[in-house]
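Undergrad: Before we start, here is the structure in question, set down as structure tokens.
The values are calculated or read from the model by the stated rules, or taken from the named source; none is laboratory data. Computed from a predicted structure; not experimentally measured. Cβ sites come from the backbone with ideal geometry, for glycine too, and all protein chains shown count toward neighbours.
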Amino acid sequence: MTKPLATTKLKLRGSRYVTVVMWPTARHVANVYRRGGWEETRCRIRKGSLIAFYGWNLTNKLQRHRGDLHLCLTHAGSGVLAHEIQHIINRWCQQLGWTRGTLTKSPYEEKIAELAEDATRNFWNWFYNTFEQTKSGKWVREVRD
């Protein structure tokens with residue numbers, strides 16, 4: 001079994017967090033997914049490959065650890081991250097009783113996550129095409145010839 005490239009705790013709010021695991025390829029993400037161990041999952045598939053998934057257990061809705069987010073480096077980006085974070089937000093809202101199930105029932109949950117993914121990707125594509133970072137770390141408007 002290949003070890004992940006990196007792992008971190010992504011703080012959500014207060015002491016609550018999601019474990020983020022970065023894998024080299026989509027194949028590694030799919031292997032972890034097949035092993036299971038979660039009560040529920042949400043997956044992101046692109047061109048037939050599982051590129052990311054969020055898995056969680058519902059047994060203790062007050063636990064600090066909110067689940068595991070598995071990403072592959074070859075498809076990691078702001079849009080995919082926003083997509084999976086939207087699933088995390090939806091699940092958390094459901095567990096707290098804030099949604100009464102309206103955001104977390106198919107097809108709405110996936111459509112909301114896709115909207116978050118597209119808007120985030122579009123913003124950062126625009127941003128990086130419009131600005132550049134100087135050696136000092138300051139962001140400036142890129143001058144195009």
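Undergrad: Out of all the residues in the range 76-89, which are modelled with pLDDT under 85, surrounded by fewer than 22 Cβ atoms within 10 Å (Cβ to Cβ) and not aliphatic (A, V, I, L, M)?
TA: Selection gives Gly77 alone.
Undergrad: For the range 31-44, does any single residue satisfy the condition of being within 25 Å of Tyr128 (Cβ to Cβ) and over 12 Å from the mean Cα position of the chain (by Cα)?
TA: The answer is no; no qualifying residue exists.
Undergrad: Scan the range 33-45 and give yes if some residue there is in contact with a Ser or Thr (Cβ under 8 Å, 6 or more places away or on another chain), modelled with pLDDT under 80 and over 29 Å from Pro4 (Cα atoms), otherwise no.
TA: No, the conditions are met nowhere in the range 33-45.
Undergrad: Let me ask something else. Those residues that are buried (at least 19 other Cβ atoms within 10 Å of the Cβ) and either of a type in the set (S, T, N, Q) or in contact with a Phe, Trp or Tyr (Cβ under 8 Å, 6 or more places away or on another chain) (or both), I need them from the range 16-31; list them, please.
TA: Of everything in the range 16-31, those that are buried (at least 19 other Cβ atoms within 10 Å of the Cβ) and either of a type in the set (S, T, N, Q) or in contact with a Phe, Trp or Tyr (Cβ under 8 Å, 6 or more places away or on another chain) (or both) turn out to be Val18, Val29.
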